[in-house]
1. Which is at pLDDT 85 or above and either farther than 30 Å from VAL48 by Cα or under 20 Å from the mean Cα position of the chain (by Cα) (or both), of VAL119, VAL87?
2. Tell me yes or no: at least one residue of the range 12-21 is open to solvent by less than 10 Å² (accessible area, probe 1.4 Å) and either in a loop (DSSP other than H, G, I, E, B) or at pLDDT 95 or above (or both).
3. Taking only the range 34-53 into account, find how many residues are assigned to a helix (DSSP H, G or I), open to solvent by 30 Å² or more (accessible area, probe 1.4 Å) and either without any contact (Cβ under 8 Å) to a residue 60 or more places away in the chain or in contact with a helix residue (DSSP H, G or I) (Cβ under 7 Å, 6 or more places away or on another chain) (or both).
4. I'm told ILE61 meets every condition in (1) part of a helix (DSSP H, G or I); (2) modelled with pLDDT under 80; (3) open to solvent by less than 40 Å² (accessible area, probe 1.4 Å) except one. Can you identify the failing condition by its number?
Amino acid sequence: MGSLMYLSYEEYIEYGGTLDEPTFNSCEFRAEKIIDGMTANRVRKMEVVPEAVKRCVQELIYQEQLYDVTLKQYNARASKGETVAPVASFSTDGYSETYSGGSQSTGSYFADFRNGLDVLSRRIVADYLAYEYDDNNVKLLYKGVY
């Protein structure tokens, strides 16, 4: 079971994924590690990977992709000499962005951004896998003794 991927590249593409296969493989591995950490490797021991896990991996990959795109855009603007300030808040309903006053260094901003993404990743796993069970009928997110 060591080479089991929770989401194959073909499934990823079927779900609307856009990454090339090498980039997908890297992101999929990271998503597996996040899930493994929160499920005590229960998914890795299952005969069949549940649909909820596959969809969770897809969402985790998408979040990682957003991080990479944001970092590249930020660096591209900065390399052109443009003044770039990190986004301090964002609203999607009426679309608005508020930028910080630039008091935070780029490295500090992206460390905070990465930390926020890590928190979001744990929330995504909790949302997708809250009521999913392993082959022994134990909730995937259960942290006690069984």
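1. Being at pLDDT 85 or above and either farther than 30 Å from VAL48 by Cα or under 20 Å from the mean Cα position of the chain (by Cα) (or both) holds for just one of VAL119, VAL87, which is VAL119.
2. Yes, some residue in the range 12-21 is open to solvent by less than 10 Å² (accessible area, probe 1.4 Å) and either in a loop (DSSP other than H, G, I, E, B) or at pLDDT 95 or above (or both).
3. 5
4. (2)
The values are calculated or read from the model by the stated rules, or taken from the named source; none is laboratory data. Since the model is a prediction, treat every value here as computed from it, not as a measurement. FYI the Cβ positions are ideal-geometry reconstructions off the backbone, even for glycines, and counts take in every protein chain you see. Note: accessible area is taken over every heavy atom of the protein model, side chains too, but ligands, DNA and RNA are not part of it. Shrake-Rupley method; radii C 1.70, N 1.55, O 1.52, S 1.80 Å.
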